[in-house]
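Below is one structure; the comments refer to it alone.
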Amino acid sequence: MARPPLSPLGAFVRQHDPDRYLAALFAPAARREVLFTLFAVNHELARAREAASSQIATLIRLQWWRDAVAEAAEGRPARRHEVAGPLHAAIAAGALDPETLSALVDAREAEAEPEGIPTREAFGAFLRAGAGGLAVAAARLLGAPDAALPAVQRLGAL
């Protein structure tokens, strides 16, 4: 039996986040595209600092994603972007939670600080909110029980 062709978003994640791409292949086929969306958004958030020339430019990029999430939650039209369009569709379909996505955006603001993340405790909080928050979002999408989510967050932050 032939495999269906890889979607543009799947190809995006394969190129930019190959480890998570491979992990998504083990997810049920019905959830895979939304996982690709989540992982593609994470990539866009992670590259906000490296793509920007200043702290304010990084914060503007993050605000753009925060606004894209809010607009999708409000039922406004999708932004024209290869990741924002599928993100909008996933939020509109109820597959991704806008509050969880906004928290992922918020977590990335720590990277915009010119002096970096100041303390070990702040770094731990950044990991729990960022990578741990992404792990929780993926686990929710895949039907993990709420009782498992604190452990998922801790393991995602490692």
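List of remarks:
- Per residue, in Å², the accessible surface of the chain once ligands and nucleic acids are set aside, probe 1.4 Å: 57 Å²
- For the residues 36, 26, a 1.4 Å probe over the protein chains yields an accessible-area ranking, largest first, of 26, 36.
- The candidates 60, 117, arranged from most to least accessible area with a 1.4 Å probe in the full protein assembly, appear as 60, 117.
- Prolate/oblate/rounded call for region 90-144, Cα gyration tensor, a/c under 1.5 rounded: oblate
- Heavy-atom accessible surface of region 86-158: percent carbon and sulfur, 1.4 Å: 59 percent
- For region 80-97, putting each phi into the Karplus relation 6.51 cos²θ - 1.76 cosθ + 1.60 with θ = phi - 60° gives couplings of 7, 6, 4, 9, 5, x, x, 4, 4, 4, 5, 5, 4, 7, x, 7, 10, 8 Hz, in residue order, rounded to whole numbers and with x for Gly and Pro.
- 49, 20, ranked by accessible area, largest first (probe 1.4 Å): 49, 20
- Candidate values [x] 35; [y] 22; [z] 39, label of the one derived for percent of Cα pairs over 27 Å apart: [y]
- Taking all protein chains as shown and a probe of 1.4 angstrom, residue 82 keeps an accessible surface of around 120 Å².
- Between the Cα long axis of helix 120-129 and the first principal axis of the chain there is an angle of about 30°, rounded to the nearest 10.
The values are calculated or read from the model by the stated rules, or taken from the named source; none is laboratory data. Keep in mind that what you see is a predicted model, and the values were worked out from it rather than measured. For accessibility, only protein heavy atoms count, side chains too; no ligands or nucleic acids. Shrake-Rupley method; radii C 1.70, N 1.55, O 1.52, S 1.80 Å.
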